[in-house]
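The values are calculated or read from the model by the stated rules, or taken from the named source; none is laboratory data. A quick note: this is a predicted structure, and the numbers were derived from the prediction, not measured. Reconstructed Cβ throughout: ideal geometry from the backbone, glycine too, with neighbour counts over all protein chains shown.
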Ligand code: SF4
Ligand code: SF4
């Protein structure tokens, strides 16, 4: 993601401002292998899910040129996790490398300690970008059912992460930063 855009998303999340995403399909380009800047086609479900898992994003306004396209977007609501999963598609994009960057895809789940790795990582990254823990982030972390301190460092999540994220280290850091 463009660093300035990333920063905007993070500032919004820290301040409790919701973002509405437009052009989640890149004007249709992301659905076409020929037109996609990533060199690979995504599905509407993957595009919508990626947008909804960015920091601060509250909703997606999905454009449609026909009833079929509109119905395909609405069907996201009942789609299964596998259909929405964009991790493998992103990891194999020939023109973009996401290595080491958490995409908040949730592909590393399930954790035996039931830690929501994507959520913890997102809150950690928001805190690192700010240099201190924003109040909204502290509240969201407090609301998590299972905290980073419960991590058993089993490494199961790292094996499932398609982006080579150092999850165990991140979770340890989150435990130190949030004190839980
Ligand atoms: S750690 Fe990896 S698998 Fe887990 S949410 Fe982040 S990018 Fe996805
Ligand atoms: S290393 Fe920690 S966060 Fe990852 S699956 Fe094991 S217990 Fe869960």
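Figures for the structure shown
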quantity	calculated
Residue in the stretch 141-155 that is under 23 Å from residue 57 (Cα atoms), within 11 Å of ligand 1 (Cβ to nearest atom) and surrounded by 14 or more Cβ atoms within 10 Å (Cβ to Cβ) present	no
The stretch 117-131: number of residues that are more than 12 Å from residue 177 (Cβ to Cβ) and more than 12 Å from the chain's Cα centre (by Cα)	1
Test: residue in the stretch 116-138 that is surrounded by 11 or more Cβ atoms within 10 Å (Cβ to Cβ) and closer than 13 Å to residue 49 by Cα	no
Selected residue (criterion: farthest from residue 58 (Cα to Cα)) from residues of the stretch 8-30 that are touching a helix residue (DSSP H, G or I) at 6+ places or on another chain (Cβ under 7 Å) and either at pLDDT below 85 or not in a loop (DSSP other than H, G, I, E, B) (or both)	30
